[in-house]
C-alpha cells in the first residue's frame with residue numbers, strides 16, 4: 001500500500017499549489033513513522049517533501065507548569081494550536097522563501113524552534129498529529145488548511161505496548177509509563193478515535209509495506 005499512498009499524493013500535486021497531507025491517529029499508532037517514510041518516498045519519487053510534526057507546537061514544560069497542565073502533557077490544550085495553524089497557512093502560501101518550522105526532541109521532551117526548513121522547492125508538506133480532525137476551535141481551521149487528512153489505525157494491543165515502551169525509553173519507569181498511558185494517553189485516544197470518520201483516507205498500519 002505504500003506505493004499507492006505515493007501515487008495518491010502525486011495525484012494531489014497535479015495543480016500548482018503546494019500540497020499539505022496530514023496524518024492523524026491515536027498516540028502510538030505509527031503516525032510519525034508513516035509521515036517520515038512518506039516524505040522520504042515522495043522526495044525519492046521526484047516530489048520534494050518534508051515532514052513537519054505537530055509536536056513542534058507542544059507548549060514548553062515551563063508554560064505547562066504555569067497553566068497547571070504539566071501532568072497531562074499531550075492533551076489537546078497543551079499545544080499551541082493557533083501557532084500550528086499559522087505555520088500551515090504560511091507553508092501553503094509562502095513558497096518563494098524558506099519557512100522554518102519547529103521540531104520536537106523526545107530526548108528532552110521539548111520543542112526546538114526553527115529546526116525544520118521548508119524550502120521553496122518543497123512540493124509536499126507531511127504533518128502528523130493527534131488532533132488534526134478535532135472539532136474544537138481552532139482545529140477545524142487546521143483541517144481546512146490541509147489538502148487531505150488521513151487516519152492511521154493500529155491494533156490496540158500493539159499500540160499500547162509500543163506506547164508504554166516509548167515512555168520507558170525516554171525516562172519513565174515501567175510503572176510510571178503504564179500509569180501515564182492509562183490516565184493521559186488513553187483518554188486522549190478516545191477523543192481522537194471519535195474523529196476517525198472525518199478523515200479522507202483510513203490506513204491500517206499493520207497492513208502497510210513501507211519499503
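The values are calculated or read from the model by the stated rules, or taken from the named source; none is laboratory data. Owing to the predicted nature of the structure, the values given are computational and were not obtained by experimental measurement. Positions of Cβ are backbone-derived with ideal geometry, glycine not excepted, and every protein chain shown enters the neighbour counts.
Go through the stretch 140-165 and count every residue that is touching a residue at least 60 places away in the same chain (Cβ under 8 Å) and either over 12 Å from the mean Cα position of the chain (by Cα) or outside any strand (DSSP E or B) (or both).
Adding up the residues that qualify gives 12.
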>> Cβ contacts < 6 Å: first residue free of Cβ contacts under 8 Å to residues at least 40 places away in the same chain and on the phi > 0 side of the Ramachandran plot, restricted to the stretch 108-121; second residue surrounded by 12 or more Cβ atoms within 10 Å (Cβ to Cβ) and part of a strand (DSSP E or B), any location; separation 6+ or different chain. Result?
In response: 114/100
>> If the requirement is being in contact (Cβ under 8 Å) with a residue 12 or more places away in the chain, in a loop (DSSP other than H, G, I, E, B) and under 17 Å from the mean Cα position of the chain (by Cα), which of these qualifies: 127, 134?
In response: 134
>> Please count how many residues of the stretch 1-54 are over 21 Å from residue 164 (Cα atoms) and assigned to a loop (DSSP other than H, G, I, E, B).
In response: 12
> Can you name the residue in the stretch 80-114 that is part of a loop (DSSP other than H, G, I, E, B) and at pLDDT 95 or above and, of all such residues, is farthest from residue 61 (Cα to Cα)?
Replying inline: 96
> Any idea which residue in the stretch 1-23 is surrounded by the most Cβ atoms within 10 Å (Cβ to Cβ), counting only those that are within 26 Å of residue 155 (Cβ to Cβ), modelled with pLDDT of 95 or more and touching a helix residue (DSSP H, G or I) at 6+ places or on another chain (Cβ under 7 Å)?
Replying inline: 23
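Would you check if residue 92 is surrounded by 15 or more Cβ atoms within 10 Å (Cβ to Cβ), over 28 Å from residue 190 (Cα atoms) and in contact (Cβ under 8 Å) with a residue 40 or more places away in the chain?
For residue 92, the condition - surrounded by 15 or more Cβ atoms within 10 Å (Cβ to Cβ), over 28 Å from residue 190 (Cα atoms) and in contact (Cβ under 8 Å) with a residue 40 or more places away in the chain - is met.
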> crowded, with 16+ Cβ neighbours inside 10 Å and closer than 23 Å to residue 12 by Cα, is that true of residue 192?
Replying inline: no
> Somewhere in the stretch 183-197, is a residue in contact with a strand residue (DSSP E or B) (Cβ under 6 Å, 6 or more places away or on another chain), under 26 Å from residue 40 (Cα atoms), part of a helix (DSSP H, G or I) and touching a residue at least 24 places away in the same chain (Cβ under 8 Å)?
Replying inline: yes
